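Asker: Structure incoming, see below.
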Amino acid sequence: MSEDRKRDAREKIALGGLVTKAGLRHADKAFILGVLMEAAKIPPADPEYERLRTIGDAAFDPGPPT
């Protein structure tokens, strides 16, 4: 397998992991695509972009160690 194909496969796996982490594993594919297409329209300077980014950052934060 070429390096480009390996890189592409890793990227797709990572993106699939985001869908799973968001709780959308069983969601309709058209719904997921629609959500992503709408999100792609939000410019980084928009407050909505920052609001959504903050939610995403919190989802990646493992929280305090127990």
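Asker: Of all residues in the stretch 46-66, how many are in a helix (DSSP H, G or I) and of a type in the set (S, T, N, Q)? Steps first, please.
Answerer: Here is the first cut: in the stretch 46-66, the ones in a helix (DSSP H, G or I) are 47-60.
This time we only want the ones that are of a type in the set (S, T, N, Q), so: 54.
Adding up the residues that qualify gives 1.
Asker: Okay, next question. For the subset of the stretch 19-36 comprising residues that are surrounded by 10 or more Cβ atoms within 10 Å (Cβ to Cβ), of a type in the set (Gly, Ala, Ser) and part of a loop (DSSP other than H, G, I, E, B), which member is modelled with the highest pLDDT? Give the derivation first.
Answerer: So in the stretch 19-36, the residues surrounded by 10 or more Cβ atoms within 10 Å (Cβ to Cβ) come out as 19-22, 24-25, 27, 31-36.
Imposing the further condition that a residue be of a type in the set (Gly, Ala, Ser) reduces the set to 22, 27, 34.
Of the ones still in play, those that are also part of a loop (DSSP other than H, G, I, E, B) are 22, 27.
Details: 22: 94, 27: 97.
Per the stated criteria, the residue is 27.
Asker: Pairs please, first residue from the stretch 41-66 and over 19 Å from residue 24 (Cβ atoms) and touching a residue at least 40 places away in the same chain (Cβ under 8 Å), second anywhere and surrounded by 10 or more Cβ atoms within 10 Å (Cβ to Cβ) and of a type outside the set (Val, Ile, Thr), Cβ atoms under 9 Å, 6+ apart in sequence or on different chains.
Answerer: Qualifying pairs under 9 Å: none.
Asker: For the stretch 39-66: of the residues being under 21 Å from residue 14 (Cβ atoms) and among the acidic types (Asp, Glu), which is modelled with the highest pLDDT?
Answerer: Ranking the candidates gives 57 first.
The values are calculated or read from the model by the stated rules, or taken from the named source; none is laboratory data. Only a predicted model underlies this, so the values are computations on that prediction, with no experimental measurement involved. Counting neighbours? That spans all protein chains shown, and the Cβs are built from the backbone with ideal geometry, glycine included.
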